[in-house]
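The values are calculated or read from the model by the stated rules, or taken from the named source; none is laboratory data. If you're wondering where the values come from, they're calculated on a predicted model, not measured in any experiment. Cβ placement follows ideal geometry from the backbone for every residue including glycine, while neighbour counts extend to all protein chains displayed.
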Amino acid sequence: MDKLIDILLDEKPAFQIQSGNKDVASSEALLFEASALDTSGLKRTSAALPEKSLRYLDSILSPGQVTIEIGGGQSTVLFASKVKKHYCINPDHTANVLIREYLESKGYNHDNLVFIEESSDLAYLKLSMDENIDVALLDGNHSFPFPMVDWHYVNKYLRSGSYLLVDNVEITAVKILTEYLNMEPAYRLIKRVYDSSRYDCYCYEKILDDVTIGWKDQCINQTTLARLSLRTMATKFTQKLVDLINIFRKR
């Protein structure tokens, strides 16, 4: 049997809502705070991970893993076909039905696939897992502050040795997250899949169970501390200069 990833790349199944048109200006806006939304009346498109990202994801998946992703599509099919259990947070009910039907059409059991049909900011309030997550993919709503919110809640289930993939790093709201992760000691950037300013997908390995808490201790805030320190020094210097001027004036 052909590898499922090659079939996906060849067939390009249309799981996602087609947006940027008169019917749907933004799929992210449409799905914002949605729950099990029926989108069967809308046009579909294939907005999958690009081939390099999909193949890289395939290379780090194995049968014993528990995984999670924000968003849904070809990556969901790939996850479900390879791992022990996969959680998919996706409020688009129609897309989720199409994904299950696609897996069935290719002869894959999908009992290991758990859909949480909520906008991710709502889903985490209901998410209760007693497993740790081995691989996580953040590829849902890229509007600020979703990338940070998604990471914050997913991070709780990641342990040393887990992998975190962050897609669409070229988007500023996502880039802010990666700038933090690049300086956080608990994470190590191990792969820039495309290494391009126009599109990229970063893969991190979590190397410490706990992230740094306390803004003065976080590496991303060191420039703030330096700036505040310089401001304090400048204020003290200015005051001393004023004091000297006043002394000379009195003479």
### Query
Looking only at the stretch 5-55, which residues are among the acidic types (Asp, Glu) and assigned to a loop (DSSP other than H, G, I, E, B)?
Asp23, Glu33, Asp38
### Message
Suppose the filter is under 17 Å from the mean Cα position of the chain (by Cα), over 23 Å from Leu122 (Cα atoms), surrounded by fewer than 17 Cβ atoms within 10 Å (Cβ to Cβ) and at pLDDT 95 or above; does Leu181 pass it?
### Response
no
### Residue identified as out of contact with any strand residue (DSSP E or B) (no Cβ under 9 Å at 6 or more places or on another chain), more than 23 Å from Tyr199 (Cα to Cα) and either surrounded by 14 or more Cβ atoms within 10 Å (Cβ to Cβ) or modelled with pLDDT of 95 or more (or both) among Glu11, Glu101, Glu28
Glu101
### Message
over 13 Å from the mean Cα position of the chain (by Cα) and touching a residue at least 24 places away in the same chain (Cβ under 8 Å): is that true of Tyr102 in this structure?
### Response
yes
### Selection status of Gly64, part of a loop (DSSP other than H, G, I, E, B), crowded, with 20+ Cβ neighbours inside 10 Å and in the same structural domain as Met129 (by TED's automatic domain parsing)
no
### Summary
Among the residues of the stretch 105-130, the number that are free of Cβ contacts under 8 Å to residues at least 12 places away in the same chain and within 26 Å of Phe32 (Cβ to Cβ) is 3
### Query
When residues of the stretch 1-47 are filtered for being β-branched (Val, Ile, Thr) and farther than 16 Å from Thr94 by Cα, how many remain?
2
### Task
Those residues that are over 20 Å from Ile190 (Cβ atoms) and hydrophobic (A, V, I, L, M, F, W, C), I need them from the stretch 45-65; list them, please.
Ala47, Ala48
### Message
Tell me yes or no: at least one residue of the stretch 186-202 is polar (S, T, N, Q) and in the same structural domain as Asn132 (by TED's automatic domain parsing).
### Response
yes
#### Entry: Output for the stretch 146-175, where each listed residue is surrounded by fewer than 16 Cβ atoms within 10 Å (Cβ to Cβ) and touching a helix residue (DSSP H, G or I) at 6+ places or on another chain (Cβ under 7 Å)
Met148, Ala173
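For every residue, the table says whether it meets (1) farther than 17 Å from Leu137 by Cα; (2) of a type in the set (Ser, Thr, Tyr); (3) in the same structural domain as Ser128 (by TED's automatic domain parsing).
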{"residue": "Ser27", "(1), (2), (3)": "yes, yes, yes"}
{"residue": "Ala36", "(1), (2), (3)": "yes, no, yes"}
{"residue": "Arg44", "(1), (2), (3)": "yes, no, yes"}
{"residue": "Ser75", "(1), (2), (3)": "no, yes, yes"}
{"residue": "His86", "(1), (2), (3)": "no, no, yes"}
{"residue": "Val97", "(1), (2), (3)": "yes, no, yes"}
{"residue": "His110", "(1), (2), (3)": "yes, no, yes"}
{"residue": "Leu113", "(1), (2), (3)": "no, no, yes"}
